[in-house]
1. Mind putting together the pair-distance distribution for region 707-890? All Cα pairs, 10 Å bins, whole percent per bin, short to long.
2. Residues with amide H under 5 Å of Lys689's amide H, sequence separation 5 or more or different chain, H placed in the peptide plane at 1.01 Å from N; which?
3. Starting from the 7 Å offset along Cα-to-Cβ, what nm value, one decimal, do you get for the label separation of His694 and Asn1055?
4. Could you give each residue of region 663-674 its phi-based ³J(HN,Hα) in whole Hz, using Karplus coefficients 6.51, -1.76, 1.60 with θ = phi - 60°, and x for Gly or Pro?
5. What angle, in degrees between 0 and 90 and rounded to the nearest 10, separates the Cα long axis of helix 827-851 from the longest principal axis of the Cα atoms of the chain?
6. Over region 828-951, what number does the Rg to Rh ratio reach, with both radii from the alpha-carbon atoms and Rh per Kirkwood?
7. In which sequence would Thr796, Thr541, Thr642, Thr935 go, from the one with the fewest C-beta neighbours within 10 Å to the one with the most?
8. Helix-derived [θ] at 222 nm for the chain: sum -39500 (n - 2.57) over DSSP H runs of at least 4, divide by residue count, nearest 500?
Amino acid sequence: MPIKKIQRQQLDEALTNFLDAIRLYIIEKMSFNYPDDWGLIYAQSLSPFHKKVWDNGLMEGKSPKELIDFGHLKQFVIDNKQYFREDFKRQTGMLPTWFEEISLVRNNWAHNHDIELDDAIRALGTMVRILQFIGMDEVGEKIKNFRLSFFPEKIKIVEKEVVINSVDRGESIVAKGPLLPWFMNVRPHEDIERGNLDESVFAANLGDVALGTGREVYLNPEQFFPKTYFTAGLKNLARQVIRGLNGNQEAENRVISLQTGFGGGKTHSLISLYHLVRKGKDIVNWELTSDIIDEIGKPEFENANLAVVTNSTNDPTQGRTIEGVHIKTIWGELAWQLGKGDKEIFEIIRKNDENRTAPKGLFKKVLEKTAPCLILIDELADYCVVASGVPVGALTLSDQTISFIQELSESISGSNQCVAVVTLPASPLEVASSEKGHQILVSLNNRLSRVGKDTKPVEGDEIFEVIRRRLFEDLGDKAEIEKVVKHYYDNYKTLDYNHEIPQYAARPDYKERIRKAYPFHPELIDIFEKRWASHSDFQRTRGVLRMLGSIVADLWKRQSNLTGSHGLIHLSDMNLGNLDAITSQIKKLWGNGFDAVISADVSGNNSNAFKIDSNKQEYRKFGITQGVATAIILGTFGSDGTKKGLNIQEIKLMVLKPDTYNHNSINGVLDALESEAHYLYYSEAANIKRYWFHTRPNINILINQAKGDVQRSILEQEIINRIKTREKEFSLFNVLVAPSDDLPEQTRLTLVVAHPSLIVNEDVLNGKLRSYIEKVASKRGNYERIYKNTILFLVTTELGINQLHIELRELIACNKIKTDYAGQLSQEQKNDLLEKIKELNKKVDRSICIAYSLVIKAGVKGEIEKLYIKQFKDIIDVQFNINILQLLKDEEWLLEGVGFGKLQEVNLIPTVENPVRVKDVYEAFLRYNDKPMITGVQAIQTSLLRLCNGRQVAVAQGESGNFTKIYLGEGIPFFDVTSPDFWLVDKSFYQSETQEILKPEKPYQEGGGIKSPDVGNETPTLTKEFRAVTISGKVDVANYSQVFTSFINPLMKNNVEINITIKGKTTNVAPLTENSQQYKIIKESASQLGLNFEAE
């Protein structure tokens, strides 16, 4: 993408400021030696074309300062490095390249060509870095601000100002301002930056270097050493070699074995020695070794003879032919190379080479003729494994080679200015998975350890600097690094206060690790260098470099699309879909099955991590779930037992960045992954969870697949079935679950539990529900419903039914898995599944209560009355019996009794002219939905008895106009509100038993009401007396309480005798067994009352 017009103007200003600064710097440096003639000396480095332009400029009256231009700088540095070494040190060799790239951008600007944004940003960064080296910070800051404006706006630059005063290696650093993303500060090597990273570049080959056929980065010391960090081990190794070649009497053992894990830096170390020894004394004044020369020592030899042998230099079976000489063995190869093809030297061991028999006492002569000499042998054990297949008499070429190593060791030990460095693997598994490979490694170790010295090229945190040197051309401004280090460290101290991360991350030594690892987060490097390196086939240093190189290349390419803060490179920044170097290693080391794990749960638009992120804005913005899943899968490997995977604190340390999202979001993400990820496993001990991925599907994947097969109709039927199993446990109401709208007449309280598909959404009844309620409430078939005040509806809300569907779908899926996979699940999985089913059953029962949280009653004229339930029990019948019934009573939708005021309110109080039949009072509360509902016949019966006893109403018995008895302030024998024989009458008609019953002044009409009956003089009648009365027959359970009120209580003074027969039958809902609670209660009660008890 070309830069815009305003950016071209800013680039022009930056180039001008930079050139002015460089002119001053060059003049200052040259004037020290050439105060008056610096211009003449400067012009000597110019090409003929530039010299002509220079001379013309002078003739036009321009000063030499004005004539210094971008096109001169590259060649001037190449010819005059002495002016720059003091300030640029090891980076002096990079200056020509840096000036060239700035010049190219400037030329494009001058000729009005398009300038790519990446090229402009890179050139501006290079200017800033050069200005920092020469101490022109003010100009550098100005150009840095130009550069920041070139980056896309969505890249997060933390605007919080950070002020730092620190000392770094004796150098005081003062910095303030915003925090920059790492990619605005560091500068990767060009192949990474240009997106041309070839991962094989990290596979060094000593044999190719010796033959001059290797990659330029290894062949050319000018390219090799800027990317090489001299670790303590490598410096010690170089010191031993240089001392040995100098003939220093203090030289330590001169047979050195390098023994590290696969990819541990052995080959890179040998290439370093190769270039150092080839340059000899020249390294003393070489800028690329100026910072280590005092530690490794100064070579006293002009050059030394070099011999290089690897596992591919000389084929054990065929050997190789060079200049007509056929060489068959390592000893023949060494003699030929050390003698540089001198056949006289080769002749010393020629017969031994031809016969493939190790020389004895002869090789010392070769060394004496070729000293000073350095022998480098790489991958010796691998060579010997192959050579074990080549017979030599009764032995093999491998046996002869091992014998020669002892000869070589002793010969070097007895010679001056000779050194040998041999690499061996750390484990037999790295040689060959065979007993022979193990024996060969043991034999070589025994020979080399006799006079050799083991050295590790890379140890501890040195890996950080090795990585930085190999991947980055420049780490950028130290002040920017310090700001990032401080910001992270302060954040970790805060998180540690709440125990959100491992304690070690808040210690000062971890702050130093952040500084050393920059721009990587230390945990990212540790994952590869410590965890993954535990696998014998993982190439330690080389493998880590390949991984991290691919990560940097991918992020550099995607930097304009990155969101959030990026002070460091985290595990969570990785997109495994773009990183074949990592995914291929996972499959190679731990199996192809992880390919499915990554695509299903970790990376890609179809992964569960992506889906979880997509459903929540904060997660989506930062890709939190994908980052956490990436950290978990990379942390899955290299740990077992109680340390398997990563715990929550470790995940937070790896993933959290300052000034982004809250650490609690990680908890939410992990909860989501636990329920959604197909291959995620976790364990918990001491309240600490650890997470890892496995190629065996987690039982969650089976459940999730089964959930997809559960149709809505199955869910709805299951809800209906679960409620039906509880319908007999509801109190007061007859319960009908999802009945059709053709409902028969209901003369008693009825609760219609609506079909789960009939829902209320945000207080609005869906069309089907409204029409259903209206029909059921008003019609019985094609006829008007008579009893309209007996029916309540219990219906679902949309929010509640949705949650119920989620839980019920999972429960049905779990039960399916339990059945379908009974023979495939481990016992642990079966136990987990049973526990999950148990918990889901509880959740579903409660969610049914929450879903059915709305009671509806059809009012007069089609009105809909609603009552929301806000408190919930765990089972629907308990919910109804306790919460809903109480709410109905509290809201006076349901009455347990009626008072005088309520009767008066509903116009059921008698007047002198109009008595009210008691049965009509009862039925009025059943028929007409403008009135409250009543709990049953007892609600009216008990209330009217109470009102009569309280002298609030009078009750008459008999026919209208011909009452046989009027009661007031007393009990009423055989009172039954369902009988047509009882009336409510005005109290004025009541007379004591000694008086006649008063007749109304206007006699009642027959049957009560408005019309009056015919009036005549009534004749007193005789009262008939009975010897005894007996009541028998079946009584409905619903009316059992009326037995006492209607029969036993009135006969209390009549020597009442009670004979009962109660028979209960076993049912599916309540089976009668000898251990059932109801059986025990009735048996004990019968015993206490002296009643017969029989069970059949």
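1. So the P(r) values, bin by bin, are 9, 35, 32, 15, 7, 2, 0.
2. So Lys689 has HN proximity to Ile648.
3. Between His694 and Asn1055, the label points sit 8.4 nm apart.
4. 4, 5, 5, 5, 4, x, 5, 5, 4, 5, 5, 4
5. Helix 827-851 and the main axis of the chain meet at about 50 degrees.
6. On the way: Rg = 21.2 Å, Rh = 17.5 Å.
Reported Rg/Rh (Cα atoms, Kirkwood Rh): 1.21.
7. Details: Thr796 25, Thr541 28, Thr642 10, Thr935 18.
In increasing order of surrounding Cβ atoms, one gets Thr642, Thr935, Thr796, Thr541.
8. Details: 46 runs with 491 residues, N = 1096.
Computed mean residue ellipticity for the chain: -13500 deg cm²/dmol.
None of the figures in this text is laboratory data; all of them are computed from the coordinates on show. Because the structure is predicted, anything quoted here is derived from the model rather than measured. Positions of Cβ are backbone-derived with ideal geometry, glycine not excepted, and every protein chain shown enters the neighbour counts.
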